[in-house]
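What follows is one structure encoded as structure tokens, with my remarks underneath.
The values are calculated or read from the model by the stated rules, or taken from the named source; none is laboratory data. Predicted, not measured: the structure shown is a model, and the values here were computed from it. In this analysis, Cβ positions are derived from the backbone assuming ideal geometry, glycine residues included, and neighbour counts consider all displayed protein chains. The protein model used for the area step is the full one, side chains on, heavy atoms only, and it has no ligands, DNA or RNA in it. Shrake-Rupley method; radii C 1.70, N 1.55, O 1.52, S 1.80 Å.
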Amino acid sequence: MRFEERGFGRPVVFVHGNFASRTWWREILRPPEGYRFLAVDLPGFGETPFPGGTPSIEGFAQSLLAFLEEGGLEPVLVGHSLGGAVAMEAAGRAQNRIRGLVLLNSAPPTGFPTPETYYPMLASYRQNREALKAALLGVIGKPPPYFEELVDQAQAMHPAHFTGNARALAEWRLTQVYPGPVLVVHGEKDPLVPLAMAEATRAFFPQGRLLVLPGLGHSPQLEGPEVFLGALESFLEEVPWGSK
């Protein structure tokens, strides 16, 4: 699994969403002293190859856990959108290896269905760059200077991902609940994940807490990186790093 890292110390691993890559965390890879930030490319995204088969949240989570085990990491996991589902699944499967969980405008633990009529549009993004750009702008808001790079990476996803990831999210259900500290972060203007869904996600976890970010949408790490980074750093200081 390809990744980018900054800093030294307590590990924090960032997991991107659908049509994305580790580049979506570029503004966030500025760890405070004593922390090591790592952003990964899930299989079939960015520079990580996809082994084949049918995409699934469980498969992505297993790849993430293999990456953590290989690196000897016991991190806080930060997951955005689809990456939130992957982080939840991984944390549930390896509860003793995970120190905390941050879910940023995440898919909920009960799955995220996509209407069947949307699937032809998702498939069309492989060839229709302009339609893909419009879709990404809808979940990013104001584009960063490297927006064209994000579009390139989205269009270079593995072909199975264009519709397969949506079906994976629709079919997935979290069955093993992570018992440790969980921060659910919600951009109040998110056009995909409503506040009620974020509240339901918070209630799913025994140590869940909800933080609403005013004025931000589905991708606070791009829209308001300083705001999100401040919230993340506050949470990291509360994590019981030495208790496991």
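Nearest-5 percent of antiparallel DSSP beta bridges in the chain?
In the chain, DSSP labels about 15 percent of beta bridges as antiparallel.
Can you give me the accessible area per residue for the chain, using a 1.4 Å probe, in Å²?
Each residue of the chain exposes 42 Å² on average to a 1.4 Å probe.
At 222 nm, what value in deg cm²/dmol follows for the chain if DSSP H runs of at least 4 each add -39500 (n - 2.57) and the sum is divided by all its residues, to the nearest 500?
-11500 deg cm²/dmol
Mean shadow of segment 85-196, computed from the convex hull of its alpha carbons, in nm²?
Directional mean of the projected Cα hull area for segment 85-196 stands at 8.2 nm².
Please compute the net charge surrounding Gly187, taking Lys and Arg as +1 and Asp and Glu as -1 over other residues with Cβ under 15 Å from its Cβ.
-3
What ³J(HN,Hα) values, in whole Hz, does the Karplus curve 6.51 cos²θ - 1.76 cosθ + 1.60 give for segment 208-219 when θ = phi - 60°, with x put for Gly and Pro?
x, 9, 10, 10, 9, 9, x, x, 10, x, 6, 10
Treat every Asp and Glu Cβ in segment 1-84 as -1 and every Lys and Arg Cβ as +1, leave all other atoms uncharged, and give the resulting dipole magnitude about the Cα centre to the nearest 20 debye.
240
Could you compute how much accessible surface Tyr125 exposes when probed at 1.4 Å, giving the result in Å² to the nearest 10?
Ignoring ligands and nucleic acids, Tyr125 comes out at about 20 Å².
Grab the Cα-Cα distance for Glu237 and Glu33, subtract it from 0.36 nm times how many residues apart they are, and report the gain in nm with one decimal.
Contour length minus the Cα-Cα distance gives 72.3 nm.
What is the calculated FRET efficiency for Ala123 to Arg173, with r their C-beta to C-beta distance and R₀ = 22 Å, to the nearest 0.05?
0.35
Local charge sum around Glu223 (other residues, Cβ-Cβ under 11 Å, Lys/Arg +1, Asp/Glu -1)?
Net charge around Glu223: -1.
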